1. Only one of (1) surrounded by fewer than 13 Cβ atoms within 10 Å (Cβ to Cβ); (2) farther than 30 Å from F23 by Cβ is not met by E109, so which one is it?
2. Mind listing whichever residues of the range 1-20 are in a helix (DSSP H, G or I), under 18 Å from the mean Cα position of the chain (by Cα) and among the small types (G, A, S)?
3. Quick one: count up the residues across the range 130-145 that are surrounded by fewer than 20 Cβ atoms within 10 Å (Cβ to Cβ) and touching a residue at least 24 places away in the same chain (Cβ under 8 Å).
4. For residues in the range 27-67 being among the polar types (S, T, N, Q) and either in a helix (DSSP H, G or I) or within 13 Å of V108 (Cβ to Cβ) (or both), which is modelled with the lowest pLDDT?
5. Return the only residue of R115, R26, R103 being over 30 Å from C186 (Cα atoms), surrounded by fewer than 19 Cβ atoms within 10 Å (Cβ to Cβ), of a type in the set (D, E, K, R) and touching a helix residue (DSSP H, G or I) at 6+ places or on another chain (Cβ under 9 Å).
6. For the range 135-167, which positions are farther than 27 Å from A118 by Cα, within 18 Å of the chain's Cα centre (by Cα) and of a type in the set (S, T, Y)?
7. Scan the range 168-189 for residues that are assigned to a helix (DSSP H, G or I), in contact with a helix residue (DSSP H, G or I) (Cβ under 9 Å, 6 or more places away or on another chain), over 23 Å from R115 (Cα atoms) and of a type outside the set (A, V, I, L, M, F, W, C) and jot them down.
Amino acid sequence: MSTRETLIAAALTLLERDGSAQFSTRAVCAIASVTAPTLYHHFGNADGLLSAAVEEAFQQFLDAKVTSASVATDPETALRDGWDDYVRFAADRPLIYAAMMARLLQGVEIPAARRAFAIVAEQISALETTGRLRLPPGEAAQLAWASVNSAAMLYVNAALHVSEYLGTPEASVIESLRERSLSDLCVPA
């Protein structure tokens, strides 16, 4: 593994363990067993390293999607499977997911995030092609994005212990969010 890859892996380890609020170059250097000048040589500053780590996290998410890609020929099933993959990633790695979303909300351009959204757009386009899309494509993409991120945030809230009443979401709640959004998006086959 190259020094750059080691630093990114260390940054992901720190993000996954402590979240972005505790992110520091000093901690990353300690995990990677490198000096600060080495980190700055590769990334310029903490922001550059954080962007590279988030890009890698999105790439890992995409790689997992490709590995578990649905062989479904039905576009609604493909959209459902993709929704589930996204929420599962957030459930399994809530602090990484929170860091990923924080970077997007800060306006940082993350190419792998754009590719992930393009997959959703393709699935929605396939629904439109079959005449099964209830909404205009842009609205459908927004609804899919909003519903999947709402479900994912329930896992982040639980991981961060935001409050005592926002514990780990019930599977039935996640399923209900998914099915309600899909029923608003899709005309039944």
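The values are calculated or read from the model by the stated rules, or taken from the named source; none is laboratory data. Just so it is clear, the structure is predicted and the values come from calculations on it, not from any experiment. Note that each Cβ is placed from the backbone with ideal geometry, even for glycine, and that neighbours are counted across all protein chains shown.
1. (2)
2. A9, A11, S20
3. Number satisfying all stated conditions: 8.
4. Within the range 27-67, the first condition is being among the polar types (S, T, N, Q), and the residues that meet it are 33, 35, 38, 45, 51, 59-60, 67.
Now restrict to residues that are either in a helix (DSSP H, G or I) or within 13 Å of V108 (Cβ to Cβ) (or both): 38, 51, 59-60, 67.
Values: T38: 96, S51: 92, Q59: 90, Q60: 89, T67: 60.
Selected residue: T67.
5. Being over 30 Å from C186 (Cα atoms), surrounded by fewer than 19 Cβ atoms within 10 Å (Cβ to Cβ), of a type in the set (D, E, K, R) and touching a helix residue (DSSP H, G or I) at 6+ places or on another chain (Cβ under 9 Å) holds for just one of R115, R26, R103, which is R26.
6. Correct list: empty.
7. E179, R180, D184
Here's the yes/no breakdown for (1) closer than 19 Å to A99 by Cα; (2) acidic (D, E):
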site	(1), (2)
M1	no, no
E16	yes, yes
H41	no, no
A53	yes, no
